[in-house]
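Some notes on the structure that comes next.
Computed from the coordinates by the stated procedures, all read-outs in this text should not be read as laboratory data. None of these values were measured; they are calculated from a predicted model. For neighbour counting, all protein chains shown are included, and Cβ atoms are generated from backbone atoms with ideal geometry for every residue, glycine included.
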Amino acid sequence: MKKSAAFMALMLQCGWLAGVQAGEAHGSMAEAEAMVQQAVALVKSAGPDKAYKSFTEHPNGAFRDKDMYVFVYDFEGNCLAQGANAKMVGKNLYIMKDVDGKPFIKDMIDMVKSKGKGWYGPYKFNNAATNSYDLKKSYCAQGAANTMVCVGIYEGN
């Protein structure tokens, strides 16, 4: 009986830990803002080319945390860095829309051009963890010249 109780206690603890770890799989607003600040600082200190490579390739795990990653666009909509999908780099996604028809890249650019930085969203974006379109918001700030540096989080985090 003691073994059974100990086993149940262990299973409950493992289940609780799994729940805690699952909750930690998502980034927070504060973490996204901090990552953008670090990314903009790297652009300024190392230069755009080195920084963009780091954002896209994540050497030693850099600029990738939980479900957060850096993405960079110029004000024309050209993808300069993309931490989740390197195949997007070099493509113009200015008119890309979410499933509801919201032109979120254009709208993010417009926000950064007018305010310099801030939160954009929500918009629907494919969440690889859930394989569904979930609400997402992104924190963006002006980068080098006419660019924006962003990190997104899924709503509810």
### Query
Listing 80, 93, 135 from the residue with the fewest other Cβ atoms within 10 Å to the one with the most, what is the order?
135, 93, 80
### Message
Counting just the Cα atoms, what span does segment 26-154 cover along each of its three principal axes? Round to the nearest Å and put the largest first.
### Response
38, 30, 28
### Task
Calculate, in nm to one decimal, what residue 94 and residue 115 gain on full extension: separation in residues at 0.36 nm each, minus their alpha carbon distance.
5.7 nm
### Query
By the scheme Lys and Arg +1, Asp and Glu -1, what is the net charge of all other residues having a beta-carbon under 11 Å from that of residue 155?
+2
### Task
Arrange the following residues from fewest to most other Cβ atoms within 10 Å of their Cβ: 138, 54, 132.
132, 54, 138
### Query
Spin-label point model (7 Å from Cα, Cβ direction): what's the residue 28 to residue 107 distance in nm?
2.6
### Message
5 Å is the cut-off here: which amide hydrogens, built 1.01 Å from N in the peptide plane, fall below it relative to residue 81, excluding neighbours closer than 5 in sequence?
### Response
72
### Query
Which residue, chosen from 59, 154, 77, occupies the Cα position most advanced towards the positive end of the dipole of segment 26-154, where the dipole is computed from +1 (Lys, Arg) and -1 (Asp, Glu) charges on Cβ about the Cα centre?
77
### Query
By count of other Cβ within 10 Å, fewest leading, how are 151, 89, 112 ordered?
89, 112, 151
### Task
At 0.36 nm per residue, minus the direct Cα-Cα distance, what do residue 41 and residue 53 gain on full extension? Give it in nm, one decimal, please.
2.9 nm
### For segment 91-101, Karplus couplings with θ = phi - 60° (6.51, -1.76, 1.60), whole Hz, Gly/Pro x
8, 8, 10, 3, 9, 4, 10, 7, 5, 9, x
